[in-house]
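Trainee: To start, I am sharing the structure in question, which I have written as structure tokens.
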Amino acid sequence: MKLDDLLWERRKRSFWAFYRDAWPYIPGESGNPLIEHWSTRALCDRFERLIRGTLGPHNLCVNIPPGMAKSTIASVALPAWVWLWRPDWTTLMISGAEDVALRDSMKCRELTRSDWYQSPRPAGKLSRDQDGKEWFRNTCGGERQASTILSKGTGKRVHHIGVDDPNDSKEVSDAKLAAVWDAWSLTYRNRLKD
């Protein structure tokens with residue numbers, strides 16, 4: 001087995017290894033050094049355990065300060081990593097702001113299009129018939145959709161739902177928090193595939 005093949009096998013088995021090696025290929029991050037802080041590695045470990053089903057019943061809540069790479073890890077790198085070993089995996093990534101949801105979706109799409117990501121010949125190539133900024137899929141049925149918390153979520157069924165900053169911390173009110181909670185509890189929480 002060639003060294004490159006061994007590296008890709010390691011990346012499939014470890015989200016941390018994938019994230020660390022993918023960093024220079026994530027749009028907007030090339031040229032910025034990866035800060036290998038214990039919290040970054042811990043986030044990768046928890047997300048890996050969540051996706052592999054060893055963390056618990058579909059739940060993970062992350063509360064960390066801004067700038068700790070949570071969105072990049074969860075919304076950009078995670079879907080790309082899962083597709084390496086489960087190309088039919090589907091996810092809906094939700095944010096409180098449309099520009100953030102689209103930003104992270106486009107970064108993930110560009111990462112999966114990169115020569116670096118395509119070099120190991122992943123099972124699913126990006127599909128030409130569904131390749132939008134907010135919703136793209138691969139040829140094995142895997143999908144990454146982006147939405148905002150107050151959008152309609154009906155008709156969507158996915159393996160994973162990620163919610164990143166569902167409300168703006170500068171616009172917190174009881175009414176806005178109630179609207180976010182209602183959207184989650186009445187629309188999104190039952191959108192998971194069995």
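Trainee: I want to confirm something. Restricting to the stretch 147-166 and keeping residues that are in a strand (DSSP E or B) and among the polar types (S, T, N, Q), which single residue is nearest to residue 80 (Cα to Cα)?
Mentor: 147
Trainee: In the set 163, 180, 172, which member is over 15 Å from the mean Cα position of the chain (by Cα), open to solvent by less than 80 Å² (accessible area, probe 1.4 Å) and not small (Gly, Ala, Ser)?
Mentor: Going through 163, 180, 172 in turn, the sole match is 180.
Trainee: Let me ask something else. Under the condition of being β-branched (Val, Ile, Thr) and part of a helix (DSSP H, G or I), which residue from the stretch 167-188 is modelled with the lowest pLDDT?
Mentor: 187
Trainee: If you take the residues of the stretch 1-25 that are open to solvent by 70 Å² or more (accessible area, probe 1.4 Å) and farther than 14 Å from residue 111 by Cβ, which of them is modelled with the highest pLDDT?
Mentor: 13
Trainee: If you go through the stretch 67-104, how many residues are free of Cβ contacts under 8 Å to residues at least 24 places away in the same chain and farther than 16 Å from residue 25 by Cα?
Mentor: Within the stretch 67-104, residues that are free of Cβ contacts under 8 Å to residues at least 24 places away in the same chain and farther than 16 Å from residue 25 by Cα number 2.
Trainee: Also, quick follow-up: Identify, please: which residue in the stretch 129-144 is of a type outside the set (D, E, K, R) and part of a loop (DSSP other than H, G, I, E, B) and is, among those, nearest to the chain's Cα centre (by Cα)?
Mentor: 142
Trainee: If you check every pair at least six apart or on different chains, which have Cβ atoms under 9 Å apart with a residue in the stretch 21-38 that is closer than 18 Å to residue 71 by Cβ and touching a residue at least 60 places away in the same chain (Cβ under 8 Å) first and a residue that is part of a helix (DSSP H, G or I) and open to solvent by 70 Å² or more (accessible area, probe 1.4 Å) second?
Mentor: 25/110; 25/115; 26/110; 27/110; 28/103
Trainee: Only residues that are free of Cβ contacts under 8 Å to residues at least 40 places away in the same chain and either open to solvent by 40 Å² or more (accessible area, probe 1.4 Å) or part of a loop (DSSP other than H, G, I, E, B) (or both): list them for the stretch 105-117, please.
Mentor: 113, 115
Trainee: Just to check your reading of the model, which residue among 38, 83 is among the aromatic types (Phe, Trp, Tyr) and open to solvent by less than 80 Å² (accessible area, probe 1.4 Å)?
Mentor: Checking each option against the conditions leaves just 83.
Trainee: Output the number of residues of the stretch 118-128 satisfying the condition of being touching a helix residue (DSSP H, G or I) at 6+ places or on another chain (Cβ under 9 Å) and in a strand (DSSP E or B).
Mentor: Qualifying residue count, the stretch 118-128: 1.
The values are calculated or read from the model by the stated rules, or taken from the named source; none is laboratory data. Just so we're clear, the structure is a prediction, and the values are computed from it rather than from any experiment. Methodologically, a virtual Cβ is constructed for each residue, glycine included, from the backbone with ideal geometry; neighbour enumeration extends over all protein chains shown. Side chains included, ligands, DNA and RNA excluded: accessible areas come from the protein's heavy atoms. Shrake-Rupley method; radii C 1.70, N 1.55, O 1.52, S 1.80 Å.
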